[in-house]
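Below is one structure, written out as structure tokens; the observations come after it.
The values are calculated or read from the model by the stated rules, or taken from the named source; none is laboratory data. These numbers come from a predicted model, not from an experiment. Because the Cβ atoms are built from the backbone with ideal geometry, glycine has one as well, and the counts that use them run over all protein chains shown.
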Amino acid sequence: MRRPLALLVNDDGVRSAGIIALREELANDFECIVVAPSREKSGIGKALTIGDVVKVEKLAPQYGVAYSIDGTPADAVLLALHKLLDEKPDITVTGINLGPNLGIDDILNSGTLGAAMEAAIHGIPSMAISYCIAREFNDSVAHQALEDPGLRLAARIARALARMIVDEGMPEDVDVLSINVPDYRSGIKGIRITRPSKKGYPDIHVAREGGYVIARWDLTLYPEDFEDTDVGAVKSGYISLTPLNLSLTPKAQSTKRLERLVELLRCSIGL
């Protein structure tokens, strides 16, 4: 019997602990193919590489079926769909992002979300999952996080949701699901269906010799917001499930199937 095909993409780099944990977990139910940037491409949104040659390298067998590209996460999706895969994926899962992806700013800026949106534009059910740990860029968290039980929980959530979506379809009017899992060490209280916070970033740049840099990413960078927002939920210790629609226009949204999906997920991961 054919197993469903999952395309896995990220913006932290093809050797990040997040995508390794994701592949290891999803491989229990899916045929997994990883296509991801060769190095970190955070904050690049749905950008494409224009004019330059995007090189593709097939990785050694210990990584499973995996391709490293020197382009963007959205490049990875397009190359996977049109050049590397023999069939259309049943689902695209992006992440596990090491750090939060919350609010409208992140939805527009995140390479993790950008890849999920690119896949959704091409008619593939898509989800982006992020583990909301604090990190400093150019740190070693990409490797250390592999031992974090919260990362493993995020992988289990991704597997459970991916299985449900493949079996039952996406909830009505939902093109992408964005999932944010709080830091495991702070305690996780449950799951909430949320809306994106509309509050923009505060001053996120710090001075460095010659200019300014975004050196650190954590929950303190997100302004406080209502509990029904993704920011409010995660800061209160809840897993946030944010449904996104590519039409970018408001609709009366039925959440009946989404609520059923959440109940199934709670049972599946024991929350």
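Give me the residue from the stretch 79-115 that is of a type in the set (Gly, Ala, Ser) and not in a strand (DSSP E or B) and, out of that set, nearest to Asp11 (Cα to Cα).
Let us first name the residues in the stretch 79-115 that are of a type in the set (Gly, Ala, Ser), namely 80, 95, 99, 103, 110-111, 114-115.
Now drop any that are not not in a strand (DSSP E or B), which leaves 80, 99, 103, 110-111, 114-115.
Values: Ala80: 15, Gly99: 11, Gly103: 18, Ser110: 8, Gly111: 5, Gly114: 9, Ala115: 8 Å.
If we take residues in the stretch 79-115 being of a type in the set (Gly, Ala, Ser) and not in a strand (DSSP E or B), then Gly111 is nearest to Asp11 (Cα to Cα).
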Number of the exception - Ile44 against (1) assigned to a strand (DSSP E or B); (2) on the phi < 0 side of the Ramachandran plot: (1)
Complete set of residues in the stretch 56-73 that are over 15 Å from Gly13 (Cβ atoms) and either charged (D, E, K, R) or in a helix (DSSP H, G or I) (or both): Lys58, Pro61, Gln62
Residue in the stretch 59-74 that is charged (D, E, K, R), under 16 Å from the mean Cα position of the chain (by Cα) and surrounded by fewer than 23 Cβ atoms within 10 Å (Cβ to Cβ) present: no
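Just checking, does the stretch 75-83 include any residue being of a type in the set (Val, Ile, Thr), in contact with a strand residue (DSSP E or B) (Cβ under 8 Å, 6 or more places away or on another chain) and closer than 21 Å to Asp175 by Cα? Write out each step before concluding.
So the first thing to find is which residues in the stretch 75-83 are of a type in the set (Val, Ile, Thr), and the list is 77.
Within this subset, residues satisfying the condition of being in contact with a strand residue (DSSP E or B) (Cβ under 8 Å, 6 or more places away or on another chain) are 77.
Next cut, closer than 21 Å to Asp175 by Cα only: 77.
Yes, some residue in the stretch 75-83 is of a type in the set (Val, Ile, Thr), in contact with a strand residue (DSSP E or B) (Cβ under 8 Å, 6 or more places away or on another chain) and closer than 21 Å to Asp175 by Cα.
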Flag if Leu271 is touching a residue at least 12 places away in the same chain (Cβ under 8 Å), hydrophobic (A, V, I, L, M, F, W, C) and closer than 18 Å to Ser178 by Cα: no
Test: residue in the stretch 37-50 that is under 16 Å from Met127 (Cα atoms), buried (at least 19 other Cβ atoms within 10 Å of the Cβ) and not small (Gly, Ala, Ser): yes
Residues of the stretch 221-271 classified as modelled with pLDDT under 95, part of a helix (DSSP H, G or I) and among the acidic types (Asp, Glu), total: 2
Odd one out for Val166 among (1) modelled with pLDDT of 95 or more; (2) in a helix (DSSP H, G or I); (3) in contact with a Cys (Cβ under 9 Å, 6 or more places away or on another chain): (3)
Criterion violated by Thr49 - all others in (1) among the polar types (S, T, N, Q); (2) closer than 18 Å to Ile133 by Cα; (3) assigned to a loop (DSSP other than H, G, I, E, B) satisfied: (2)
Close pairs from the stretch 81-103: first closer than 19 Å to Trp217 by Cα and at pLDDT 95 or above, partner part of a loop (DSSP other than H, G, I, E, B) and among the aromatic types (Phe, Trp, Tyr), Cβ under 6 Å, at least 6 apart: Leu102/Tyr222
Candidate set: the stretch 192-212, residues that are touching a residue at least 40 places away in the same chain (Cβ under 8 Å) and loosely packed, with under 14 Cβ neighbours inside 10 Å; chosen: the one farthest from Gly103 (Cα to Cα): Gly200
